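Everything on this sheet refers to the single structure shown next.
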Amino acid sequence: MIPELGHVALIIAFMLAVGLALLPLWGSFSRDTAKMNLAPSLAIGVMLFVTIAFSMLATSFLNDDFTVAVVAANSNSLLPPIFKFSALWGNHEGSLLLWVLILSGWMTAVAFFSRGLPLIMVARVLSVMGMIAVGFLAFSLLTSNPFERLLPNTPMDGNDLNPLLQDPGLIIHPPLLYMGYVGLSVPFAFAIAALLGGRLDASWARWSRPWTNVAWGFLSLGIMLGSWWAYYELGWGGWWFWDPVENASFMPWLMGTALVHSLAVTEKRGVFRSWTVLLAIFAFSLSLLGTFLVRSGVLTSVHAFASDPERGLFILIFLALVVGGSLLLYAMRAPVVASRVTYGPVSRESLLMVNNLVFTVATTVVLLGTLFPLVMDAFSLGKYSVGPPYFNAVFVPLMALVTPFMMVGPLSRWRDDSVRRWVNELLIPALGVAVIAVAAALMSSDRFNIWIALSVLLAGWVTLGVLRDLIRRLLSGGQGKLRWRALSPSFLGMSLAHLGFAAVMLGAVVVTQQNQERDLRMAVGDVEELGGYRFELKRLGQLAGPNYIADQAVFEVSRAGELLTVLVPEKRRYLASGQIMTEAAIDASLWRDLYVALGEPIGKDAWAVRLQYKPMVRFLWLGALLIGLGALVTVFDRRYRAQSRVKATIESGALSVAS
Amino acid sequence: MRAKRFLPLLAFLVLAALLYKGLSIDPTELPAARLGQPFPDFVKAELKSGQPISAEALMPGPALVNVWATWCYSCRVEHPYLLALAAQGVPIYGLNYKDESQKALAWLDQLGDPYRLNIVDAEGSLGLDLGVYGAPETYVIGADGRIVHRHVGVLDEAVFARDFRRWFPSVMTDEAAKKVREGNG
Amino acid sequence: MRSWVHTLLMCFSLWAGEGFAVIETYEFSSPDLAARYHRLSQELRCPKCQNQNIADSNAPIARDLRVVLHDQLEQGASDEEILAFMVARYGEFVRYRPSVDRQTIWLWVAPLGLMCMGVMALAWHFRNRQTASPAPLTAAEQAQLEKLLKEPRA
């Protein structure tokens with residue numbers, strides 16, 4: 001009964017979404033206010049019914065209803081309840097439902113927060129989002145129905161959730177990631193609405209910015225969680241593999257980074273309009289492309305859902321309609337006349353144009369590398385693989401290239417600036433950073449490591465840029481008074497994000513260069529030294545978990561004679577599936593991680609053990625966290641709230657100049 | 001310059017075409033790297049006789065070389081079809097891959113032996129030279145002794161009809177063979 | 001014991017290699033060889049798995065290839081020789097860093113090529129622009145500007 005309710009709710013949601021896709025849009029062209037006003041209600045209606053469908057599916061999971069196919073395939077009666085819930089999105093059908101739920105959430109948010117916008121704009125934006133919802137709901141209902149039943153041959157118990165997914169990571173990573181992925185549909189919808197209306201001006205950019213920043217912020221957090229989860233779950237201490245599915249989330253992020261910056265320029269100066277619109281279209285298109293890559297079986301990946309070319313075809317057609325349609329609209333409606341506002345070759349605009357360029361090239365390079373095997377196969381030129389060695393070789397230089405511009409950026413002036421001014425402001429501190437970088441490289445190991453030097457240099461320069469701007473703003477009040485009000489959320493957000501980027505860069509290079517690892521046989525009583533730490537295997541043991549049995553090895557870690565911590569890595573055998581999994585034991589701290597994992601048992605009392613000393617690996621995720629937080633903080637800037645204040649001011653009849 | 005605005009659309013259409021083509025390709029399918037090359041030379045023991053044999057024993061083609069092992073569940077699944085093929089006169093040679101000879105002999109006793117000869121490759125060194133990455137795999141050796149095809153996975157009637165028939169045109173399907181038997185018997 | 005471990009590993013062949021740690025104890029005669037092993041085992045792809053290198057995969061073939069890699073390093077083979085050995089048997093598929101040859105050159109050249117194209121486009125764009133200041137405001141425009149500045153800000 002419950003699954004059927006969910007199914008019906010999904011169908012109703014689909015019908016409402018069709019209404020949302022057609023009526024307000026029609027109303028926006030025929031100037032029919034009644035139809036346009038339907039948009040927010042329809043959006044809320046879609047959200048309501050998708051939520052009902054989602055709840056019904058969740059109930060089926062939590063109640064162990066194995067008559068529902070996805071529950072039988074992905075859950076088990078022994079599974080802890082929190083994992084029964086998150087198993088809902090640990091598969092293709094359920095994760096699609098999550099996608100639609102989050103999309104409807106964004107639609108409702110747009111409906112709710114857009115009171116100050118022209119009705120015509122809101123109607124079009126929601127209609128475009130409605131079209132996307134129609135596509136995904138149709139996909140779900142027609143090819144990937146989560147409510148399919150296994151009657152009359154109902155299994156006694158489920159297949160169990162893949163042990164790799166039985167982890168808090170599954171609870172937060174997909175929802176956060178989807179918040180970002182799906183959230184990029186909002187700037188996309190704004191861009192389409194602007195193209196439809198022929199109004200690509202600064203106000204469109206201003207309306208888009210908070211939505212874009214929040215979506216991009218969530219995407220940053222989602223990717224960060226994925227990396228962190230892989231690190232502690234997979235047992236080999238890696239944090240990024242350039243796997244096609246990882247790239248599928250990274251490309252929208254890269255494009256989103258360009259978009260976030262380009263929108264700033266369009267809002268403030270009215271230039272870059274075509275660039276920005278294209279970036280908005282591309283960012284979401286890459287999200288859709290990612291959906292295609294993950295679910296169609298076109299590329300091999302450890303993360304891919306079970307693939308089905310029939311589903312792949314559906315998504316491809318949907319992709320062609322959405323992206324093809326929007327690019328056609330762009331071709332027909334994008335501004336041909338350049339804006340009359342001009343800027344010089346040395347200006348903040350041109351620096352941000354370099355930023356646009358580098359991130360676009362970076363996205364293209366990642367796309368090329370990801371699709372290269374497919375291209376070669378399609379032309380029968382052989383089977384190839386492209387992996388980390390290639391991506392690292394081409395991507396890292398691009399990021400290094402953009403960093404000096406990040407240092408100068410916050411300091412630069414719009415329209416017309418001079419290199420001499422930059423040199424005056426930054427040369428001496430920049431050289432100071434260079435000295436620190438060389439010193440750091442010399443101190444960190446016995447040989448001078450050029451990569452450490454470079455990464456400290458570049459990260460230091462970015463930090464310098466942020467600090468310089470901070471100081472300038474604080475002191476802008478004159479007479480030695482600190483002008484704290486000059487630190488707007490917009491500025492703070494940018495600074496946090498840039499600092500985060502510097503941290504990620506530094507962490508990535510240091511952990512790659514200075515990682516120490518050792519694979520060895522250890523028996524009870526054996527001691528090993530690594531990275532200045534002493535690891536002693538004290539004893540072996542066994543533990544029965546809720547749905548697994550684990551072999552444990554207890555390690556005492558000490559430094560300079562003092563006991564620091566006890567690390568207990570495990571080798572678990574899950575009862576339902578018989579799968580064996582390694583649980584690494586990690587001692588985390590800001591400046592280094594100590595990582596112990598068990599391999600195969602050697603005899604009855606020894607194990608193959610991997611010990612790792614990973615300096616500054618946490619900087620990676622803290623940096624990404626800062627980026628995400630920074631993006632979210634910008635939304636609180638008063639210019640996004642000022643509209644309601646203006647309305648209130650006008651309504652109250654006061655006409656004095658608001659501050 | 002309005003035409004410039006159509007470039008992104010054009011680029012996307014190319015991409016979409018590529019992805020469409022990609023839907024009909026299996027990315028996990030890996031053709032043999034040794035395709036077109038002669039069967040790698042080796043000196044290994046034969047399973048039943050214990051005598052050393054080399055690649056000459058597999059000549060002349062066309063013939064099948066089936067990589068199998070007792071620990072491989074799918075090999076058990078394809079075994080009856082191999083017996084049927086052998087009954088129709090298709091030369092099948094076995095490569096007993098990373099297995100124990102005792103177990104292999106017992107297995108063949110129990111389930112039937114479709115192989116003319118069985119190469120014992122206990123450490124997998126011949127498999128490595130061939131490019132084997134998992135059992136079961138079946139290689140087709142052409143008339144000139146070169147590797148002309150490889151199939152990874154269970155060999156059954158559908159696969160044979162689709163990929164192998166061109167070297168073994170006289171092989172009948174199960175249905176046709178049954179009719180012949182009924183006609184004769 | 002060996003067959004028990006063997007069987008366990010064979011079971012894993014039915015799952016196309018999950019992301020479990022593979023930790024084996026190899027001895028190398030020099031730290032340089034160990035470093036090369038580390039690097040090459042991450043550059044070589046497991047032919048069977050869902051996109052894993054041979055260092056991280058549990059699949060039996062990955063284990064075999066690791067042994068081969070170790071043996072060849074100890075025997076003094078160069079990186080190119082080892083890669084050629086693997087490619088001869090498993091094809092280009094088994095290299096995560098594509099070779100640089102006539103077929104793959106465009107992949108390696110593309111990043112730099114795209115950057116150069118972009119830089120040239122930027123340079124061309126600035127060459128064509130004028131940075132002349134716009135014409136000064138007329139009196140009427142000036143009055144309108146002042147009126148606008150006095151209005152409540154949005």
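What follows draws every value from the coordinates through simple rules; no lab data is involved. Quantities reported herein were computed from a predicted structural model and do not represent experimental measurements. Note that we place each Cβ from the backbone using ideal geometry, even for glycine, and neighbour counts take in every protein chain shown.
For chain A, what relative contact order do you get, as a whole percent, if you take Cα pairs closer than 8 Å and at least 6 residues apart?
Relative contact order for chain A comes out at 11 percent.
Rounded to the nearest 0.05, what FRET efficiency do C:Ala140 and A:Asp416 have when you use their Cβ-Cβ distance and R0 = 30 Å?
With a Förster radius of 30 Å, E is 0.65.
Taking H placed 1.01 Å from N in the peptide plane, check which residues at least 5 places from A:Arg521 or on another chain put their amide H under 5 Å from its amide H.
Amide H neighbours of A:Arg521: A:Val609.
Could you list the chymotrypsin sites (Phe, Trp or Tyr not before Pro) in region A:448-480 that lie in coil according to DSSP, counting only those with at most 15 other Cβ atoms within 10 Å of their Cβ?
Sparse-neighbourhood loop chymotrypsin sites (Phe, Trp or Tyr not before Pro): A:Phe448.
Once label points are set 7 Å from the Cα along Cα→Cβ at both B:Ala11 and B:Lys178, what is their separation, rounded to one decimal in nm?
It works out to 5.8 nm between the two label points.
Would you please state which residues of region A:1-31 a label at A:Leu62 would reach in this model, taking the label point 7 Å out along Cα→Cβ and a backbone N cut-off of under 18 Å?
A:1-7
Where a Cα-Cα gap under 30 Å defines reach, which lysines qualify for C:Lys147, not counting those fewer than 8 residues away within the same chain?
Filter leaves A:Lys268, A:Lys647.
For A:Trp414, A:Trp89, what's the fewest-to-most ordering of other Cβ within 10 Å of each Cβ?
Going from sparsest to densest Cβ surroundings: A:Trp414, A:Trp89.
Among residues other than A:Trp26 whose Cβ falls under 11 Å from its Cβ, what is the net charge (Lys/Arg +1, Asp/Glu -1)?
Charge balance near A:Trp26 sits at +2.
What percent does the relative contact order of region A:1-161 come to when contacts are Cα pairs within less than 8 Å and at least six residues apart?
Computed value for region A:1-161: 36 percent relative contact order.
Mind checking B:128-138 for the average number of partner chain beta-carbons within 10 Å of each residue's beta-carbon?
5
Extension gain A:Leu563-A:Leu475, at 0.36 nm per residue separation less the Cα-Cα distance, in nm?
Between A:Leu563 and A:Leu475, full extension yields 26.9 nm more.
For A:Leu25, A:Leu62, which order do you get if you count the other beta carbons within 10 Å of each Cβ and list the fewest first?
Going from sparsest to densest Cβ surroundings: A:Leu62, A:Leu25.
Please list, by residue number, everything in region A:356-399 whose backbone N is under 15 Å from a paramagnetic label point 7 Å out along Cα→Cβ of C:Phe126.
The answer is A:356-358, whose backbone nitrogens lie closer than 15 Å to the label point.
Which shape class applies to region A:126-263: rounded if a/c is under 1.5, otherwise prolate when a/b exceeds b/c and oblate if not, where a ≥ b ≥ c are the square roots of the Cα gyration tensor eigenvalues?
Taking the square roots of the gyration eigenvalues as a ≥ b ≥ c, region A:126-263 is oblate.
Can you list the trypsin sites (Lys or Arg not before Pro) in region A:1-100 that are in a DSSP coil and have 10 or fewer other beta carbons within 10 angstrom?
Those that pass, being in a loop and sparsely packed, are A:Arg31.
Could you work out which residue, out of B:Val90, B:Val67, B:Val14, moves most in a Gaussian network model of chain B, that is, has the largest mean-square fluctuation with Cα springs under 10 Å?
Sorting by GNM fluctuation, first place goes to B:Val14.
Relative to the present Cα-Cα distance, how much length would full extension add between A:Val8 and A:Ile82 at 0.36 nm per residue of separation?
Roughly 24.0 nm would be gained on extension.
Measuring from label point to label point, each 7 Å out along Cα→Cβ, what is the C:Ala35 to B:Ser24 span in nm?
So the label points at C:Ala35 and B:Ser24 sit 5.0 nm apart.
Amide H neighbours of A:Asp526 under 5 Å, counting only residues 5+ apart in sequence or on other chains, H built in-plane at 1.01 Å?
Here A:Leu537 satisfy the definition.
Please report the antiparallel percentage of the DSSP beta bridges confined to the protein assembly as shown, to the nearest 5.
85
Alpha carbon centre of region A:407-484 versus region A:197-219: separation in Å?
30
Based on alpha-carbon centroids, what's the gap between region B:106-185 and region A:342-381 in Å, whole number please?
Using only Cα atoms, the two centres lie 49 Å from each other.
Are there any trypsin sites (Lys or Arg not before Pro) in region A:130-233 that are in a DSSP loop and have at most 16 other Cβ atoms within 10 Å? List them by number.
Of the trypsin sites (Lys or Arg not before Pro), the ones in loops of region A:130-233 whose Cβ has at most 16 other Cβ atoms within 10 Å are A:Arg199.
If the cut-off is a Cα-Cα distance under 22 Å, which lysines reach B:Lys179, setting aside same-chain residues fewer than 8 apart in sequence?
Cross-link targets: none qualify.
Spin-label point model (7 Å from Cα, Cβ direction): what's the A:Arg115 to A:Val524 distance in nm?
Reported label-point gap for A:Arg115 and A:Val524 is 7.0 nm.
Does region B:32-78 classify as rounded, prolate or oblate by the C-alpha gyration tensor (a ≥ b ≥ c root eigenvalues; a/c under 1.5 gives rounded; else a/b over b/c gives prolate, otherwise oblate)?
In terms of gyration-tensor shape, oblate.
Specify whether the C-alpha gyration tensor of chain A places it in the rounded, prolate or oblate class, a ≥ b ≥ c being the square roots of the eigenvalues: rounded for a/c under 1.5, otherwise prolate if a/b is larger than b/c and oblate if not.
oblate
Using the Cα centre as the reference, give the magnitude of the dipole from point charges on the C-beta atoms of the protein assembly as shown (Lys, Arg: +1; Asp, Glu: -1; all else neutral), rounded to the nearest 20 debye.
In debye, rounded to 20, the protein assembly as shown gives about 5240.
Summing -39500 (n - 2.57) over the DSSP H runs of n ≥ 4 in chain B and dividing by its residue number, what mean residue ellipticity at 222 nm do you reach, to the nearest 500 deg cm²/dmol?
-10000 deg cm²/dmol
Which entries of A:Lys571/A:Lys614; A:Lys538/A:Lys571; B:Lys44/C:Lys48; A:Lys383/C:Lys48; B:Lys98/C:Lys48 have Cα-Cα distances beyond 24 Å here?
Checking Cα-Cα distances, B:Lys44/C:Lys48 exceed 24 Å.
Could you order peptides C:95-101, A:581-587, B:165-171 by the average number of other Cβ atoms within 10 Å of their residues, highest first?
Descending mean neighbour count gives A:581-587, C:95-101, B:165-171.
Amide H to amide H, which residues 5 or more places from B:Ala45 or on other chains are under 5 Å from it, using H placed in the peptide plane?
Correct list: B:Ile53, B:Val120.
Per-residue ellipticity at 222 nm for chain A, helices alone: DSSP H runs ≥ 4 residues times -39500 (n - 2.57), over residue total, nearest 500 deg cm²/dmol?
-21500 deg cm²/dmol
How shielded is A:161-169 by partner chains, expressed as the average number of their Cβ atoms within 10 Å of its Cβ atoms?
That works out to 1 on average.
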